[in-house]
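For reference, the structure is listed below as structure tokens.
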Amino acid sequence: MIRFLSSASKRAQLQNIVVLALVMLAAFTAAMAQEPDEVIKTETSLVQLNVGVVDHQGHAVTTLARTDFAVYEDGVLRPIEQFEPTEAPFSLVLLLDMSGSTITFRQQIQQAAIRFLDALTPDDRVAVVQFNGKGVKSLLSFTDNRNRLAYAITLAGGAGETPFYDALKFSLKELAKEGKRRKAIVVLTDGLDTEVRKKDRDAVSKSQTDDDVATIIKPENTPQLNSVLNEADRQGVAIFPLALPSGDPKRLPLPDPAITAMYVAARSRMQLLADRTGGRLNEIHSLDSLARLYAEVAADLRSLYSIAYQPPNQNVHDGKWRSIRIEVARQNLIVRTKPGYFKR
């Protein structure tokens with residue numbers, strides 16, 4: 001049997017539909033009204049700094065408080081919004097170059113990396129990532145389980161090309177998932193990225209004299225490098241390159257000007273990665289010193305303060321350089337952090 005609704009029933013049903021629509025519209029309007037506030041409250045506009053402090057003997061000073069620091073951007077004092085003492089834990093990517101240039105000393109690399117884990121604190125979270133001719137691969141996501149991390153390091157292997165900057169970008173994406181924790185990348189590599197090296201080779205091939213070869217490559221203008229630096233700036237990631245001797249321009253068997261220029265440029269980029277992020281470049285002169293250098297990196301991490309401040313004119317993105325200076329209240333102390341950033 002087919003039943004037809006009465007006029008009163010139809011009107012009641014229509015009224016219910018209208019009321020439901022109005023409720024949904026009000027909820028949507030409220031959500032849209034809140035969205036700008038949520039964007040304003042995000043902390044991505046804060047400038048993140050990793051700050052090391054030593055005395056004149058080079059000994060780390062790890063007992064300073066928030067009130068001991070003053071931060072200046074372009075000479076203007078800025079309020080410190082966030083402060084993390086040196087003992088705050090890190091989320092860290094252990095990035096391993098498994099390209100063809102590291103085949104002959106894989107065992108030393110793995111043993112030193114495993115010993116590095118022992119120098120970290122129990123609350124530090126570590127991810128293991130490798131890169132080689134097959135690309136970039138995560139061997140283990142962030143964890144504080146040292147046994148699982150040690151096993152992941154033993155799985156590292158491969159050969160072929162060196163996608164160094166792709167690996168750094170991958171590591172930064174992984175670190176972005178770690179929230180507000182302090183962040184760092186410790187990367188063992190010769191720094192001779194395959195794609196960047198091709199562009200360097202094209203550049204030196206156009207030079208007319210040996211003097212031109214030495215100056216034609218501008219490492220600071222490398223797009224891949226600047227992409228990494230911009231994201232590291234945004235997240236406050238400190239990068240600690242461990243530079244393998246296979247990429248040392250002083251160790252080249254033949255003093256060819258073009259090859260030397262490419263190696264010098266690659267090493268300069270690694271220095272920029274460290275300087276611009278508050279990390280440190282450690283050059284490996286002997287594989288026997290690899291474990292010691294890993295231990296020094298762990299000590300560097302344990303001596304870093306993390307500071308975030310609100311920049312002036314935070315909505316201005318003109319691409320210009322902003323200089324940073326930090327002062328401490330105590331005398332005769334030396335402060336190390338990144339010198340500034342480009343406001344992009």
Within the range 220-246, considering residues that are touching an Asp or Glu at 6+ places or on another chain (Cβ under 7 Å) and among the small types (G, A, S), the one nearest to R269 (Cα to Cα): A243
Boolean, R148 is surrounded by fewer than 17 Cβ atoms within 10 Å (Cβ to Cβ), in contact (Cβ under 8 Å) with a residue 40 or more places away in the chain and either out of contact with any helix residue (DSSP H, G or I) (no Cβ under 9 Å at 6 or more places or on another chain) or not assigned by TED's automatic domain parsing to the domain that holds N282 (or both): no
Selection count where residues are in a helix (DSSP H, G or I) and among the hydroxyl-bearing types (S, T, Y), scope the range 75-110: 3
L254 being free of Cβ contacts under 8 Å to residues at least 12 places away in the same chain and assigned by TED's automatic domain parsing to the domain that holds K180: yes
Residue in the range 290-298 that is at pLDDT 95 or above, within 22 Å of the chain's Cα centre (by Cα) and small (G, A, S) present: no
Selection count, the range 132-188, where residues are assigned to a loop (DSSP other than H, G, I, E, B) and either touching a Ser or Thr at 6+ places or on another chain (Cβ under 9 Å) or charged (D, E, K, R) (or both): 14
Answer residue from the range 298-337, given it is charged (D, E, K, R) and over 20 Å from F83 (Cα atoms) and is surrounded by the most Cβ atoms within 10 Å (Cβ to Cβ) among those: R322
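Conditions (1) surrounded by fewer than 17 Cβ atoms within 10 Å (Cβ to Cβ); (2) of a type in the set (A, V, I, L, M), marked per residue:
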{"position": "T162", "(1), (2)": "no, no"}
{"position": "L168", "(1), (2)": "no, yes"}
{"position": "R182", "(1), (2)": "no, no"}
{"position": "V186", "(1), (2)": "no, yes"}
{"position": "D193", "(1), (2)": "no, no"}
{"position": "K198", "(1), (2)": "yes, no"}
{"position": "E220", "(1), (2)": "yes, no"}
{"position": "S227", "(1), (2)": "yes, no"}
Residues of the range 175-194 satisfying the condition of being charged (D, E, K, R) and in contact with a helix residue (DSSP H, G or I) (Cβ under 7 Å, 6 or more places away or on another chain): K183, D190, D193
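Checking the conditions here, which among D200, D233 is over 24 Å from G340 (Cα atoms) and either over 14 Å from the mean Cα position of the chain (by Cα) or not aromatic (F, W, Y) (or both)?
D200 is the lone residue from the list that is over 24 Å from G340 (Cα atoms) and either over 14 Å from the mean Cα position of the chain (by Cα) or not aromatic (F, W, Y) (or both).
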Residues that are free of Cβ contacts under 8 Å to residues at least 40 places away in the same chain and either exposed (fewer than 15 other Cβ atoms within 10 Å of the Cβ) or assigned to a helix (DSSP H, G or I) (or both), drawn from the range 115-130: L117, D118, P122, D123
Residue within the range 274-281 that is at pLDDT 95 or above, closer than 16 Å to G191 by Cα and of a type in the set (A, V, I, L, M, F, W, C) present: yes
Members of the range 299-333 found to be farther than 14 Å from G52 by Cβ, in a loop (DSSP other than H, G, I, E, B), within 21 Å of the chain's Cα centre (by Cα) and polar (S, T, N, Q), listed by number: Q310
Residues of the range 275-292 that turn out to be surrounded by fewer than 20 Cβ atoms within 10 Å (Cβ to Cβ) and assigned to a helix (DSSP H, G or I), as a count: 6
Selection status of Y294, of a type in the set (S, T, Y) and within 17 Å of K183 (Cβ to Cβ): no
Test for G133: is it over 25 Å from S289 (Cα atoms), touching an Asp or Glu at 6+ places or on another chain (Cβ under 7 Å), loosely packed, with under 15 Cβ neighbours inside 10 Å and not aromatic (F, W, Y): yes
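The values are calculated or read from the model by the stated rules, or taken from the named source; none is laboratory data. In this text the structure is predicted, and so the values were computed from the model without any measurement. We place every Cβ from the backbone using ideal geometry, glycine too, and count neighbours over all the protein chains shown.
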